[in-house]
Structure formats: structure tokens, C-alpha cells
1. Would you kindly work out the equivalent ellipsoid of the range 33-83 from its C-alpha gyration tensor and give its semi-axes, the square roots of five times the eigenvalues, largest first in whole Å?
2. Using the count of nearby Cβ atoms within 10 Å as a rough guide to exposure, how do 75, 48, 24 rank from fewest to most?
3. Which whole-number value in Å³ per residue fits the convex hull of the alpha carbons of the range 55-125?
4. Quick one: length gained pulling residue 68 to residue 190 fully straight, 0.36 nm per residue minus the C-alpha distance?
5. Contour minus end-to-end for residue 89 and residue 149, with contour as 0.36 nm per residue of separation and end-to-end as the Cα-Cα distance?
6. Going by how many other Cβ atoms sit within 10 Å of their own, how do 108, 56 line up, fewest first?
7. Evaluated at 25 °C with a viscosity of 0.890 mPa s, what Stokes-Einstein diffusion coefficient in µm²/s does the range 22-191 have when Rh comes from the Kirkwood expression over alpha-carbon pairs?
8. I need 76, 42 ordered by Cβ neighbour count within 10 Å, fewest first.
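Each value in this text was obtained by applying a stated rule to the coordinates, not by laboratory testing. Only a predicted model underlies this, so the values are computations on that prediction, with no experimental measurement involved. Neighbour counts are summed over all protein chains in view; Cβ atoms, including those assigned to glycine, are modelled from backbone coordinates with ideal geometry.
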């Protein structure tokens, strides 16, 4: 476990940013980061950004095409550049940001998040539920083609996600209730 990541996710200030400038939603593919993020942003009156959507817009290609044409290593470089840009914007406009499922795998992304001083919330569900959500989704997910590989990837990444400031189990919960739970957590963190 990375002690720097643990420090980053505690709701503290860093480099002139205050806690009210944003929150990151992290978790594995299919955890609901985008949907919950959109609901949370409306609830808080903040802007919403999905890092994967930002990358697709910036590159003019869907993520599966970027993976297929340039490989995961190049995608991760693009992702880091997009994350840096997003964090700069969050300094001036409160934002709920949904990060890609693999964003935390890259040490430079964890360092960048730590330096931002903004909290991260881990949206979790049983891996079987996540698999089913990904299989029924309309969008293609390059890393959700083999169930065994999917489960192994989840297990490897879960350690990083658990270092977030809070974990929300989304199993069986209404999406609005999840957004409300995160908003309550943020209000409590702000009051501390």
C-alpha cells in the first residue's frame, strides 16, 4: 500500500487548493462512477467531468480505438496529461471528477492526485456484479473481455482503490442514495 495515496485522500488542503474545489470518484469499471458523478454534481451544483470522456473528446477516438491503435502504455500517457489539465481546472471551478478504472495504477497519477489535496471516494461492488454491468453495457470495454482476467485485474486494483478517503458499497443501492451518501461525507469532511 502506498502511504502517499493514503495521505492524498484525506480531506486536507495542499498547494493552495481548498477542500471545496472537488472530489474524485474512483473504482473499477462498471462501478457507476459516471452515473453517480453526474447525479452528485447536480446535487452539489458543481461541474461534472469524466476523465475517459475528456480523453475521447481530446483524441477524437473512443478509448477502445486508442487501446487498439496505440496500446495501453500510450493511453496511460494521454490519461496522465488529461488528468493534469483537469486538476488545474478544478482549482477554479468546483468539480466532481470520475476517473477511469485504471487511472490509479500509474504512480505518477497517484502522485498528481496527492498533490491536488482533493479527496477520492471509492465506489465498490462485488466483482461479479461489476462483470455483469460491463457485459450489459452498450460501450465496449477493452479490459472486460475475459471474466477470469477481469477478476484478477479487479483484485490487483482493489488495493489502490481502498486507499481512498471513503469507500461506498454500491450494492443494491439507488443511485440517488449513493450520491446523497457522498454529499453527506463531503459535508462532514468540510466541517472538520
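1. So the equivalent ellipsoid measures 26, 10, 8 Å along its semi-axes.
2. So the ranking, lowest neighbour count to highest, is 48, 75, 24.
3. Dividing the Cα hull volume of the range 55-125 by its residues yields 103 Å³.
4. 39.7 nm
5. Working it through step by step, the gained length comes to 18.1 nm.
6. 108, 56
7. Calculated translational D: 151 µm²/s.
8. The order, fewest Cβ neighbours first, is 42, 76.
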